[in-house]
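A.B. asks: I'd like to ask some things about the structure below.
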Amino acid sequence: AWYVPCLASLETLQELCRKENLRCKSIGITNRSLKSYEVEYLCDYKVEEGKAYYLVKWKGWPESSNTWEPRKYLNCPLLLQNFLRDKNEYLSRVREGKALKVRNHVKTLKPAIADYIVKKAKQRIALQRWKEELNRKKNHKAMILVENTVDLEGPPLDFYYINEYKPAPGINVFNGITTGCECADCPAEKCCPKEAGFILAYNKRKKLKIQPGLPIYECNSYCRCGPDCPNRIVQKGTPYSLCIFRTSNGRGWGVKTLQKIKTNSFVMEYVGEVITSEEAERRGQVYDNQGNTYLFDLDYDSDEFTVDAARYGNVSHFVNHSCDPNLQVFNVFIDNLDLRLPRIALFSTRTIKAGEELTFDYQMKGSIDLTSDSAEGLSPSRKRIRTVCKCGAVCCRGYLN
């Protein structure tokens, strides 16, 4: 038999069962729980004959089962707090007055306010589910949070979280490396970087010490050293808790750090689909018309392949551009020494405070030597339609491309 993951949430499946009066033990709908009730969110408010009532959406029940319940029977302080906050947020935005008074002395919210409250509640639930999904799929210990205090935008509908490259058919991102260093205590004279003709990229504090444009060679799965080797940094994944948040100046989603990040520290990898440059050219024409910028050329040694993070990616998918960035790109080689297929790592260029947005320069200009051959190899694929830059930096160039 074939099995596919269900795209519906548990609550949606429960709603369907209750609506059709069906039992399903695997999703928690049994004879005993068929009539259980739990408040999912509050939809509306009214005062009738001096008593306050809230319209309740019951968890796992269709909206047709919503009921008005007296305030004194509701034991959900957080949901009440969210309801009040959403109401005040709407009123502050549209600068409308207090609750509307109508005939027979019934106080009720305007329909537009109630509609906003319901949309905000649904958004809050959707973002919470998305956060849980991201944290289930990530392969590092640090947490991923999601936040939107700007608008009603929910999770992206066509984005799938991955932890490493997703190669297109015919592309091998693992070239079958079968050898590693014999160091008992890296770095040694014959450690991986020196075997490749370069110096070790990290100092004793595991911070980057090489200049932009130089490659990073980390110890691989065949090396004798263990997981605590000082030459295993990028392969361990993001070490900082990050937050995907909605920007307030029209740049869509962004990423901010929840912890202080010191200079020259590894922050995250840029991952996505690995496609040919020919396919990237075709997709680029579509993305240009949409105003998207997710293509990143892997042209460290040649220009055969490109990373497309539009549909498949990790947190780096949401990192915005800045003409004065706090992240810098480096090419990394670990279990694949094919110079056409480096891994792309983002390192901090300065100390980044907790709560500060993370950015990198989509053109990779400013902090690398543009006269060197390596600088050309670090640039993302160029777009044909100029996109206005909204980074707000003093040195802003005006366009992303």
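A.B. asks: Quote to one decimal, in nm, the extra length available between Ser302 and Lys59 on full extension: 0.36 nm per residue of separation minus the C-alpha distance between them.
C.D. replies: Between Ser302 and Lys59, full extension yields an extra 82.0 nm.
A.B. asks: For helix 277-290, report the angle its Cα long axis makes with the longest principal axis of the Cα atoms of the chain; keep it between 0 and 90° and round to the nearest 10°.
C.D. replies: The helix 277-290 is inclined about 40 degrees to the chain.
A.B. asks: Sticking with this structure for a sec: Hey, can you grab everything whose amide H is under 5 Å from the amide H of Trp253? Only 5+ residues off in sequence or another chain; H modelled, so Pro and N-termini drop out.
C.D. replies: Result for Trp253 returns Thr247.
A.B. asks: Express the accessible area of the chain per residue in Å², computed with a 1.4 Å probe while the remaining protein chains stay in the model.
C.D. replies: With all protein chains present, the chain gives 55 Å² per residue.
A.B. asks: Suppose R0 equals 45 Å. What FRET efficiency, 1/(1 + (r/R0)^6) with r the Cβ-Cβ distance, do Glu195 and Met143 give to the nearest 0.05?
C.D. replies: Calculated transfer efficiency: 0.80.
A.B. asks: Let me ask another. Assuming 0.36 nm per residue, please report the length gained on full extension of the stretch Arg311 to Cys76 beyond their Cα-Cα distance. The partial results should precede the final answer.
C.D. replies: Values: separation 235, 0.36 × 235 = 84.60 nm, distance 3.76 nm.
This chain segment gains 80.8 nm when fully extended.
A.B. asks: Now for a separate question. Report, to the nearest whole %, how much of the accessible area of region 74-233 belongs to carbon and sulfur atoms, 1.4 Å probe, protein only.
C.D. replies: Values: 5230 of 9950 Å².
Heavy-atom surface of region 74-233 belonging to carbon and sulfur, 1.4 Å probe: 53 percent.
A.B. asks: For Gln128 and Asn163, calculate 0.36 nm times their separation in residues minus their Cα-Cα distance, and state this gained length in nm to one decimal. List each step's numbers first, then the result.
C.D. replies: Details: separation 35, 0.36 × 35 = 12.60 nm, distance 2.03 nm.
Here the answer is 10.6 nm.
A.B. asks: Still on this structure: Whose amide H sits under 5 Å from the amide H of Thr359, counting only residues 5 or more places off or on another chain, with H placed in the peptide plane?
C.D. replies: HN-HN under 5 Å from Thr359: Asn326, Leu327.
A.B. asks: Quick check for you: which residues of region 165-183 have the amide N under 18 Å from the point 7 Å beyond the Cα of Asp228 toward its beta carbon?
C.D. replies: The answer is 183.
A.B. asks: Applying 1/(1 + (r/R0)^6) with R0 = 30 Å to the Cβ-Cβ distance of Glu182 and Leu337, what FRET efficiency is obtained, to the nearest 0.05?
C.D. replies: With a Förster radius of 30 Å, E is 0.95.
A.B. asks: Still on this structure: Would you indicate which of [x] 48, 25, 20; [y] 42, 26, 18; [z] 34, 31, 19 is the value of semi-axes √(5λ) of the Cα gyration tensor in Å derived from the coordinates of this structure?
C.D. replies: Recomputing semi-axes √(5λ) of the Cα gyration tensor in Å here picks out [x].
A.B. asks: If you don't mind, another one. Considering only DSSP beta bridges whose two residues both sit in the chain, what percent are antiparallel, to the nearest 5?
C.D. replies: Given both bridge residues lie in the chain, the antiparallel proportion sits at roughly 75 percent.
A.B. asks: Continuing with this model, one more query. Which whole-Hz couplings ³J(HN,Hα) result when phi for each residue of region 301-310 is put into the Karplus expression 6.51 cos²θ - 1.76 cosθ + 1.60, θ = phi - 60°, listed in order with x for Gly and Pro?
C.D. replies: Listing the rounded values in order: 10, 8, 10, 7, 10, 9, 9, 10, 9, 5 Hz.
A.B. asks: So what's the back-of-envelope 222 nm ellipticity for the chain, counting only DSSP H runs of four-plus at -39500 (n - 2.57) apiece and dividing by all residues, rounded to 500?
C.D. replies: Working: 6 runs with 78 residues, N = 401.
Here the helix-only value at 222 nm equals -6000 deg cm²/dmol.
A.B. asks: Trp68's amide H: which non-local residues (gap 5+, or another chain) put their own amide H closer than 5 Å, with H modeled 1.01 Å from N in plane and none for Pro or chain starts?
C.D. replies: Those qualifying (amide H under 5 Å, at least 5 residues apart or on another chain) are Val56.
The values are calculated or read from the model by the stated rules, or taken from the named source; none is laboratory data. Computed from a predicted structure; not experimentally measured. Because the Cβ atoms are built from the backbone with ideal geometry, glycine has one as well, and the counts that use them run over all protein chains shown. Note: areas computed on protein heavy atoms with side chains; ligands, DNA, RNA excluded. Shrake-Rupley method; radii C 1.70, N 1.55, O 1.52, S 1.80 Å.
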